[in-house]
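The structure appears below as structure tokens.
The values are calculated or read from the model by the stated rules, or taken from the named source; none is laboratory data. As the structure is a computational prediction, the values presented were derived from the model and not from experiment. Glycine gets a Cβ as well: all are built from the backbone with ideal geometry, and neighbour counts include every protein chain shown.
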Amino acid sequence: MLKSLFSSSIRADLLALLLNSPDEKFYVREIAKLLRKNPSGVKRELDKLEEMGIVTSEKVANLKYFQANPETPLFSELKNLIAKSLGLPGALKNLMKSNEVRAAFIYGPYADEEESPSVDMIVVGPSSLSLLVGLQDIERKFGKKINCTFFEESDYKAKKKKDASVKRILSGKRITLLGRV
């Protein structure tokens with residue numbers, strides 16, 4: 001079962017996306033866009049995961065939506081395994097991908113590899129309820145407070161050029177999660 005479960009990178013990315021957003025439903029092209037993968041490969045892997053009972057699907061009009069199956073006995077174990085294998089930056093990256101964030105990065109002591117009880121990050125894009133709930137879930141899972149600053153894309157571009165504190169952050173070490181900073 002494990003060999004068939006983790007047989008491709010697309011499948012691992014799919015599991016990370018779906019298990020980190022268990023209440024969300026995604027259609028194939030949406031997932032392919034979020035993961036930056038070929039839609040036919042995504043569809044093939046989703047069908048295999050559905051056969052295993054790890055994901056479920058629902059047809060609405062002419063779209064087939066997929067989501068993680070919380071009823072499968074492997075759900076919580078797989079979710080924990082994905083979180084452990086990705087680490088905090090990986091979990092944040094998958095959360096950002098599934099919430100239409102344009103760019104995101106970690107800065108400060110965590111990025112400098114110092115021991116810190118908190119993680120500072122900047123997110124460029126909209127703040128949504130599912131993103132905030134996901135951040136709280138990651139805080140609990142990893143035992144770190146996440147200090148998140150949100151910018152609209154136009155504000156970020158302006159502050160990047162003129163704001164001294166943003167310039168200072170950008171000149172320091174950072175962990176890019178998504179997009180160009």
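Of all residues in the stretch 10-50 being assigned to a loop (DSSP other than H, G, I, E, B) and touching a Ser or Thr at 6+ places or on another chain (Cβ under 8 Å), which is modelled with the highest pLDDT?
From the stretch 10-50, those assigned to a loop (DSSP other than H, G, I, E, B) are 21-25, 36-38; that's our starting set.
If we keep only those that are touching a Ser or Thr at 6+ places or on another chain (Cβ under 8 Å) too, we end up with 21, 23-24.
Details: Ser21: 76, Asp23: 81, Glu24: 84.
Filtering the stretch 10-50 for residues that are assigned to a loop (DSSP other than H, G, I, E, B) and touching a Ser or Thr at 6+ places or on another chain (Cβ under 8 Å), the one modelled with the highest pLDDT comes out as Glu24.
In the stretch 32-79, what residues are more than 23 Å from Ala104 (Cβ to Cβ) and touching a residue at least 60 places away in the same chain (Cβ under 8 Å)? Passing the criteria: only Leu78.
Checked against (1) closer than 27 Å to Arg29 by Cβ; (2) within 12 Å of the chain's Cα centre (by Cα); (3) modelled with pLDDT under 90; (4) not β-branched (Val, Ile, Thr), Gly87 passes all but condition (1). Residues considered: Ile146, Ile82, Ile106, Ile138. Of these, the only one that is over 23 Å from Asp23 (Cβ atoms), of a type outside the set (Asp, Glu) and under 16 Å from the mean Cα position of the chain (by Cα) is Ile106.
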